[in-house]
């Protein structure tokens, strides 16, 4: 980014900032100086807009201590889901591939949750093909860092998340890794053993070595191996055809996953107040097949693949980060290259066999395809950001002005999902070659953002944080995202926050790519006047798509008393528009045996709800914490839910500090009913299985024991009462996922 702003002197800039709305509640730090009479004078220092957002309502933090008390089995999404406003769900509201659950914030869906690692965006899931209904065969981007390497996880919801740009309409999950300042070694091991032998067990081991290597250099090196076995193919209950009574293939459980991670960081103190980081990370995530297909059932034709690795993701990053302190302020800048190789066995690209693995090469030359082959989609993402924080006085008010610029470039090479043919009689005039070999497999988009925020201490009670962000995308053009957050402090204990912000999300490269052709023979064709159109139907990518937008609003109150009681309650309301989906407009009007459609900006949605938390100490030995999320409304303009999340969720935990070295934690989560979609958002057809999932409760019991100052053990039981939550729906409905049964875990961490 970068221009250095010694002092924003223009009247235009000042007027712009003063006219904007402002984010909420500010916590002040103090600087000291000595007066002429040797008295100590405290100068008020206003924190930056970003730090203000992290400390206000609508934010939560998972600490390293939390991860030690309740170690995750495999993916940090398991603990992030216990924050207010957060749940796990599949990629779409159909319930398809329900066991691949991802982080969903405030019911906006996983695609509207931005994952960051050390403040840098993670875009690997964008290398996975998006099907016509918005489904992706992916587990998301929350499992690239081992839990033992995490210092904290910041979860930012609502208007405060809009400052992070595209993809943060629901919220942001920022995974902050450990950076020891002294020479430190750490070795960790974890094992989870399910009581049910049909569920996959987990084993994890990792190490970290960090410390100074001279007066100006420090380093960090870590490695991780984490394997969770696939569930057995017969984990879920047997099925029969209701009409014939014949046995049907069982529904699949969760696939297995093996993570191999290696990372290196070198930090150089260039000069007092200036630090330069060079970081390289490599991850390989291999998925073991558990039988899951597009229709949810274990396919007999692919039985030979059960338990074997059918897909793998390679993620490589190289980044350069600079942090600087100046007489006039501070800066934070980085540039990162992220490469993702999405490699999987060849599979169907559309229709009933979509994503089903299938032989694709002739190994013996007899003219029949009889062997599998791995094929790769490559995605390169270049992210760069420069942010300058400048203390100053705006209109006589103590303030901190943040000026920033951000760039995100996405470059995909996809010769895999663009192989469907497009006959000239269907695609004539579109410019899309009939033969996939004649199509350019490369597609890209570039987005540049400029933003300004000011955290203004208006008076002792009111803090304002106005912001304005401008983004330009080389496909859809410009987008403006204003925001305003305000915090009013009634007294030392009570405060209120009000926020409003415009957020957006750029179309993904599959939706934009005109060479991405989706074919359906009839089942996926739209309904018109209650009658399904005859197939085949073709759906093309659309380079003329506009950004999805949402207007996020919230109002909340918080209490933090001197008695140790803390509580908050927040109402949120999001108006979501320009949603991208497979269109219903036929472009070749005169054709009834090869209908042509495109991805289009279409409907709206409204999402609203309540979230809150309560915590208190119960004497010297106990502490209680609880939070809840209540979804009031999650509805698209066709009456269907935007994502499949519970009607309400309650998380509660009780810590018993049995001694200075032993802590025992009893935790429970209650999930309300999940109402399923009843109609297909693509075809307007009624689902065959639209069953809602009934409420259920999961209870965990665990303990941590500090054996010595350098060794810690965590052990416990998850799903203590072995609540059985099995998959009973195939590819639609709310019962398309499993919750693991009772399991026993043991973790050991040793530092030196």
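The values are calculated or read from the model by the stated rules, or taken from the named source; none is laboratory data. The structure presented is a predicted model; accordingly, all values stated were derived computationally and were not measured. In this analysis, Cβ positions are derived from the backbone assuming ideal geometry, glycine residues included, and neighbour counts consider all displayed protein chains.
Just checking, how many residues over region 354-364 are in contact (Cβ under 8 Å) with a residue 24 or more places away in the chain and either in a strand (DSSP E or B) or within 30 Å of residue 317 (Cβ to Cβ) (or both)?
Number of matching residues: 3.
Kindly indicate the residue of region 518-535 that is in contact with a helix residue (DSSP H, G or I) (Cβ under 8 Å, 6 or more places away or on another chain) and either buried (at least 20 other Cβ atoms within 10 Å of the Cβ) or free of Cβ contacts under 8 Å to residues at least 60 places away in the same chain (or both) and also nearest to residue 602 (Cα to Cα) among those meeting that condition.
Initial filter on region 518-535 (in contact with a helix residue (DSSP H, G or I) (Cβ under 8 Å, 6 or more places away or on another chain)): 519-521, 523-524.
This time we only want the ones that are either buried (at least 20 other Cβ atoms within 10 Å of the Cβ) or free of Cβ contacts under 8 Å to residues at least 60 places away in the same chain (or both), so: 519-520, 524.
Values: 519: 21, 520: 21, 524: 18 Å.
Looking at the filtered set, the residue picked out is 524.
Conditions first: (1) over 24 Å from residue 574 (Cβ atoms); (2) out of contact with any strand residue (DSSP E or B) (no Cβ under 6 Å at 6 or more places or on another chain); (3) at pLDDT below 95. Residue 476 passes all but one, so which condition is the exception?
Of everything listed in (1) over 24 Å from residue 574 (Cβ atoms); (2) out of contact with any strand residue (DSSP E or B) (no Cβ under 6 Å at 6 or more places or on another chain); (3) at pLDDT below 95, residue 476 misses just condition (1).
Here is a list of conditions, (1) in contact with a helix residue (DSSP H, G or I) (Cβ under 6 Å, 6 or more places away or on another chain); (2) under 17 Å from residue 390 (Cα atoms); (3) modelled with pLDDT of 95 or more, and residue 468 meets all of them except one; can you say which number that is?
(1)
Go through region 175-199 and give me each residue that's within 30 Å of residue 725 (Cα to Cα) and without any contact (Cβ under 8 Å) to a residue 60 or more places away in the chain.
Passing the criteria: 197, 198.
When you look at residue 426, is it assigned to a helix (DSSP H, G or I) and either in contact with a strand residue (DSSP E or B) (Cβ under 7 Å, 6 or more places away or on another chain) or over 30 Å from residue 357 (Cα atoms) (or both), yes or no?
Values: assigned to a helix (DSSP H, G or I): yes; either in contact with a strand residue (DSSP E or B) (Cβ under 7 Å, 6 or more places away or on another chain) or over 30 Å from residue 357 (Cα atoms) (or both): yes.
So residue 426 passes the test.
So which residues in region 420-459 are within 30 Å of the chain's Cα centre (by Cα) and crowded, with 19+ Cβ neighbours inside 10 Å, if there are any at all?
Residues satisfying the conditions are 443, 445, 447, 449, 451, 452, 453, 454, 455.
Here are some residues: 98, 107. Which one is outside any strand (DSSP E or B), more than 16 Å from residue 64 (Cα to Cα) and out of contact with any strand residue (DSSP E or B) (no Cβ under 7 Å at 6 or more places or on another chain)? Full working, then the answer.
Details: 107 fails: out of contact with any strand residue (DSSP E or B) (no Cβ under 7 Å at 6 or more places or on another chain).
That would be 98, the only listed residue that is outside any strand (DSSP E or B), more than 16 Å from residue 64 (Cα to Cα) and out of contact with any strand residue (DSSP E or B) (no Cβ under 7 Å at 6 or more places or on another chain).
Against the definition (under 30 Å from residue 726 (Cα atoms) and part of a loop (DSSP other than H, G, I, E, B)), how does residue 367 come out, yes or no?
On the way: under 30 Å from residue 726 (Cα atoms): no; part of a loop (DSSP other than H, G, I, E, B): yes.
For residue 367, the condition - under 30 Å from residue 726 (Cα atoms) and part of a loop (DSSP other than H, G, I, E, B) - is not met.
When residues of region 159-186 are filtered for being assigned to a strand (DSSP E or B), out of contact with any helix residue (DSSP H, G or I) (no Cβ under 9 Å at 6 or more places or on another chain) and over 26 Å from residue 384 (Cα atoms), how many remain?
Total satisfying the criteria: 2.
Go over the candidates 633, 553 one by one and state the one that is touching a residue at least 24 places away in the same chain (Cβ under 8 Å), over 30 Å from residue 430 (Cβ atoms), exposed (fewer than 15 other Cβ atoms within 10 Å of the Cβ) and under 30 Å from the mean Cα position of the chain (by Cα).
Values: 553 fails: exposed (fewer than 15 other Cβ atoms within 10 Å of the Cβ).
Unique residue meeting the criteria: 633.
Only one residue in 501, 560 is touching a strand residue (DSSP E or B) at 6+ places or on another chain (Cβ under 9 Å) and surrounded by fewer than 23 Cβ atoms within 10 Å (Cβ to Cβ), so which one is that?
560
Is one or more of the residues making up region 699-714 assigned to a strand (DSSP E or B), modelled with pLDDT under 95 and surrounded by fewer than 21 Cβ atoms within 10 Å (Cβ to Cβ)?
We begin by selecting, within region 699-714, every residue assigned to a strand (DSSP E or B); these are 699-706, 711-714.
Filter again for modelled with pLDDT under 95, leaving none.
Among the residues of region 699-714, not one is assigned to a strand (DSSP E or B), modelled with pLDDT under 95 and surrounded by fewer than 21 Cβ atoms within 10 Å (Cβ to Cβ), which makes the answer no.
Mind counting the residues in region 115-136 that are at pLDDT 90 or above and not in a strand (DSSP E or B)? First the steps, then the outcome.
To start, the set of residues in region 115-136 that are at pLDDT 90 or above comprises 115-129.
From what is left, the residues that are not in a strand (DSSP E or B) are 118-119, 122-129.
Of the residues in that region, 10 qualify.
Identify all residues within region 431-476 that are in a strand (DSSP E or B), free of Cβ contacts under 8 Å to residues at least 60 places away in the same chain and within 24 Å of residue 164 (Cβ to Cβ); write none if there are none.
We begin by selecting, within region 431-476, every residue in a strand (DSSP E or B); these are 442-457, 462-473.
Those still in the list that are free of Cβ contacts under 8 Å to residues at least 60 places away in the same chain too: 442, 446, 448, 450, 462, 470, 472.
The answer is 446, 448, 450, 470, 472.
For region 516-552, what are the residues that are modelled with pLDDT of 90 or more and assigned to a loop (DSSP other than H, G, I, E, B)?
516, 541, 542, 543, 544, 545, 546, 547
Which of the residues that make up region 718-739 are crowded, with 22+ Cβ neighbours inside 10 Å and more than 20 Å from residue 675 (Cα to Cα)?
718 - this is the single residue of region 718-739 that is crowded, with 22+ Cβ neighbours inside 10 Å and more than 20 Å from residue 675 (Cα to Cα).
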